[in-house]
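Working notes for the structure below.
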Amino acid sequence: MKKTGSKATTVLLTLVAIMVFMAGCGGGSNAGEKNKGENKGKDKEITLRVATSFAGSDPWVPAWTNALQQFKDKHPNVKIVDESTPVNNEALRTKVKADAATGNLADVMFYFNGSETAILTESGDIVSWEDELAKDADWAKQFNSGIIEKVKYNGKLYALPYIGFYEGLFWNKTLFDKYQLEAPASYDAFMKAVDTFAANGIIPFATSLTTPYLQEALVLSQVGPEGQQKAYDASWAPALNIFRELSEKKAFPKDALTLDDEKAQALFSGGKAAMMFNGSWTAAGNSKIEGIEILPFPLVPGGKGENMIVSGFGSGWYMKNNKDQDKYAMSLEFIKFITSPDVAGKFAEIGGTYAVQATATNATAKLLTDGNAMVAAAKDFVMPIDSYVTRESYTEFTKGLAYLSGGKKTAEEVLAEAKKLNDKATK
């Protein structure tokens, strides 16, 4: 009996152990299912198609390539299909238009805004950013709200602004100090510098009269943003007369009528000219020259455009309104990643101005940092004149300025002729 009882006890204990083990396995199975449910979307394989202009010889290709790799390292479950296409030769426009027409838009796009936005909104597949920005206040405050208002299309924000450009007055502090001149921050200081440098055999202002930069600065300073939008209005005449006065003061190179912009830049960077009004695309190169500074163009007498600059954001980040919530969430995460200060800072090292906070690094060119500070401090900014007038009228306007500088036409005549062509085409 004793042996039988011991055997029965052994069997009973074995059965209990088996039941406990099976219960444990069952509990582990349920826990595994629970964890699987909690991780849904985090480990799921997701493919994102991205289409940008960061391709070919585009200067931002290195920053873009590094950003993609960082994102993939952070999200190993995400496969990114990079459909970036060079912006030249209309390649990017052709691709996006074809994708929109066939209902095959990429999940994330860095594409033109303004009138180009219509191609995407008509597809019905594009996110309007207001709701997402409202959900994430910390992310939203990283963007310049004034710039966001400028790039809306029909009152809605479809393209998050990112890389833009600015135009500014570059000046050689070394030359100014040599002749004991003040910075050209005021009109009087600017004109005194013109007279002083002209008298000492130094070109006061490096410019080509075939480029629009100086006249844009003068017009904006004279009439302000609202007046600048009135194409070829008579109120522009005082600004154009200053243009003629500068020509009479020998402010420009002797061959300014035939000189191209590249050669005008070379005069400035070579120390043969004291000032130059040009764009952010020249900032990195000029940062290599000791003593080069940048300012907004000074306010002209009676002007309305104090601390106003020519600047713009012609492209932005679009996102497809995916019905697949995991893909939607990952697309949004990608947008937030690419617009984060650290990643934007890597793009800023290369050039441009930014609508989003960008962390400055030691590699960021000085004039790029200073230019972004100038944009941030500006009271307002406008797009260039040629962005909203007809090409034919603008060609006539530029040609007329050559006659104006030589005293062969008045400012009023130049404006009237350009306005006639613009009005004819826009009626």
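The values are calculated or read from the model by the stated rules, or taken from the named source; none is laboratory data. The structure displayed is predicted, hence computed values, not measured ones. Note that we place each Cβ from the backbone using ideal geometry, even for glycine, and neighbour counts take in every protein chain shown. What goes into the accessible areas is simple: the full protein's heavy atoms, side chains included, and nothing from ligands, DNA or RNA. Shrake-Rupley method; radii C 1.70, N 1.55, O 1.52, S 1.80 Å.
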Candidate lysines for bridging to residue 72, where Cα separation is under 24 Å - those fewer than 8 sequence places away on the same chain excluded: 36, 40, 42, 44, 320, 323, 327, 336, 346
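Give, in nm to one decimal, the length gained when the segment between residue 97 and residue 254 is fully stretched (0.36 nm per residue of separation minus the Cα-Cα distance).
Working: separation 157, 0.36 × 157 = 56.52 nm, distance 4.61 nm.
Full extension of this stretch gives 51.9 nm more.
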Relative contact order, percent, region 135-240 [alpha-carbon distance under 8 Å, six or more residues apart]: 12 percent
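Work out the length of the dipole vector of region 228-378 about its Cα centre, built from +1 on the beta-carbon of each Lys and Arg and -1 on the beta-carbon of each Asp and Glu, and round it to the nearest 20 debye. Can you show the working numbers first?
Working: 15 positive and 16 negative charges, 33 e Å.
Dipole of region 228-378, to the nearest 20 debye: 160 debye.
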Extension gain from residue 410 to residue 130, taking 0.36 nm per residue of separation minus the Cα-Cα distance: 96.0 nm
Phi to ³J(HN,Hα) by Karplus 6.51 cos²θ - 1.76 cosθ + 1.60 over region 324-339, Hz, x for Gly, Pro: 6, 5, 5, 5, 4, 5, 6, 4, 5, 5, 5, 4, 5, 5, 5, 9
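Taking all pairs of different Cα atoms in the chain, averaging 1/r and flipping that mean, what Kirkwood radius in angstroms comes out?
Numbers: mean 1/r = 0.0400 Å⁻¹.
Over the chain, the inverse of the mean reciprocal pair distance is 25.0 Å.
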Dimensions (Å) - region 242-358, Cα atoms, principal axes, largest first: 65, 35, 26
Relative contact order (%) - the chain, alpha-carbon pairs under 8 angstrom, separation at least six: 20 percent
For region 403-410, 3J(HN,Hα) per residue [Karplus equation, 6.51 cos²θ - 1.76 cosθ + 1.60, θ = phi - 60°, Hz, x = Gly/Pro]: 5, 5, 5, x, x, 8, 9, 8
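Looking at the chain, send over the antiparallel percent of its DSSP beta bridges, to the nearest 5.
Working: 23 of 35 bridges.
The answer is about 65 percent antiparallel.
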Geometric extent, Cα atoms of region 325-418 - Rg, Dmax (angstrom): 21.1, 66
Region 123-140 - phi-based ³J(HN,Hα) in whole Hz, Karplus 6.51/-1.76/1.60, Gly and Pro as x: 6, x, 10, 10, 6, 9, 7, 3, 5, 5, 5, 5, 6, 10, 5, 5, 5, 4
Cross-link reach list, aspartates and glutamates versus residue 192, counting only Cα pairs under 17 Å and skipping chain neighbours closer than eight places: 177, 182, 245, 248
For the chain, accessible area per residue (1.4 Å probe, heavy atoms of protein chains only), Å²: 49 Å²
Where GluC sites (Glu not before Pro) in DSSP loops with at most 11 other Cβ within 10 Å are excluded, longest remaining stretch of the chain: 123-289
For region 39-182, alpha-carbon Rg and Dmax in angstrom: 19.6, 69
